[in-house]
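> First the structure, then my questions, so here it is.
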Amino acid sequence: MANETPENPAPPSLYDWAGGMPALLKLTDVFYAKVKADPLLQPVFVRMDPEHPQHVAKFLAEVFGGPKAYSDEHGGHAEMIRHHLNRHLQEKQRRRWVELLIDSGDDIGLPDDPEFRSAFVGYIEWGTRLAVINSQPGAEVTEDAPMPQWGWGETKGPYVAP
Ligand code: HEM
């Protein structure tokens with residue numbers, strides 16, 4: 001961050017604020033259990049790879065400023081897009097995906113300060129809408145698409161008590 005000083009350090013990454021890899025692994029574990037039991041989403045994930053929850057946790061970790069494990073081990077952004085091609089995802093399925101992920105965040109005690117949740121939901125809205133777009137007929141993969149990097153956005157940092 002450009003203006004950081006010892007008195008005014010850079011804010012933590014969303015990854016660190018969320019609780020790092022243990023929190024994201026717990027989040028996707030709880031989330032995909034809900035997905036598998038959900039009538040709208042169950043058919044979409046019927047052939048889900050058993051490691052899918054861990055892969056998505058690594059993807060989220062990287063987007064939120066954590067280790068670059070999804071890029072190094074699983075093919076990066078292009079590979080994520082490839083998994084969504086021709087899935088014909090519908091808006092109502094996207095909405096349910098978002099709802100269940102937020103519910104899972106509450107279940108595992110993900111930080112619930114307004115600043116974190118606003119940044120988290122901002123990414124989830126953006127990412128799920130892209131997933132739907134990339135699942136429609138004719139969508140193509142851009143091989144060198146960079147991994148998104150998500151920060152605090154307009155809130156500029158975590159909640160600080162008055
Ligand atoms: C922020 C939004 C999203 C992110 C970050 C995300 C991330 C990912 C990643 C990383 C993979 C590949 C996993 C791997 O490498 O094994 C994947 C696959 C997949 N995603 Fe998403 N996804 C998002 C939204 C959605 C939505 C909204 C749906 C459906 C409603 C969806 C359905 C799927 C399906 C069906 C697969 C393939 C699962 C399998 O065959 O194992 N995704 N997603």
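Rule-based calculations on the coordinates, nothing more; no lab input. Worth saying up front: this structure is predicted, and the values here are computed from it rather than measured. When we count neighbours, we look across all protein chains shown, and the Cβ atoms used for this are built from the backbone with ideal geometry, even at glycine.
> Find all pairs meeting these conditions: Cβ atoms under 8 angstrom apart; at least six residues apart or on different chains; first residue within the stretch 144-157 and under 13 Å from residue 17 (Cβ atoms); second residue surrounded by fewer than 13 Cβ atoms within 10 Å (Cβ to Cβ).
155/114
> Here is a follow-up. Report, ordered by the first and then the second residue, all pairs with beta carbons closer than 8 Å, sequence separation of six or more or different chains, a first member in the stretch 45-57 that is free of Cβ contacts under 8 Å to residues at least 60 places away in the same chain and more than 19 Å from residue 24 (Cα to Cα), and a second member that is near the ligand (Cβ under 8 Å from one of its atoms) and assigned to a helix (DSSP H, G or I).
45/52
> Still on this model: Please go through the stretch 127-139 and give me each residue that is in contact (Cβ under 8 Å) with a residue 24 or more places away in the chain and either surrounded by fewer than 13 Cβ atoms within 10 Å (Cβ to Cβ) or polar (S, T, N, Q) (or both), ordered by number.
Within the stretch 127-139, 128, 134, 135, 136, 137 meet the criteria.
Yes/no matrix, rows are residues, columns are (1) touching a residue at least 60 places away in the same chain (Cβ under 8 Å); (2) within 22 Å of residue 135 (Cα to Cα):
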site: 6; (1), (2): no, no
site: 26; (1), (2): yes, no
site: 31; (1), (2): yes, yes
site: 65; (1), (2): yes, no
site: 78; (1), (2): yes, yes
site: 82; (1), (2): no, yes
site: 92; (1), (2): no, yes
site: 96; (1), (2): no, yes
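> Something else: Being in a loop (DSSP other than H, G, I, E, B) and under 25 Å from residue 157 (Cβ atoms) narrows it down to one of 127, 122, 105, 66, so name that one.
After applying the criteria, what remains is 66.
> Would you pick out the residues in the stretch 95-122 that are surrounded by 18 or more Cβ atoms within 10 Å (Cβ to Cβ) and within 11 Å of the ligand (Cβ to nearest atom)?
96, 97, 100, 101, 120
> Considering each residue of the stretch 1-59, count those that are in a loop (DSSP other than H, G, I, E, B) and over 18 Å from residue 83 (Cβ atoms), and give that number.
18
> If you take the residues of the stretch 57-93 that are within 10 Å of the ligand (Cβ to nearest atom) and among the polar types (S, T, N, Q), which of them is surrounded by the most Cβ atoms within 10 Å (Cβ to Cβ)?
The residue in question is 93.
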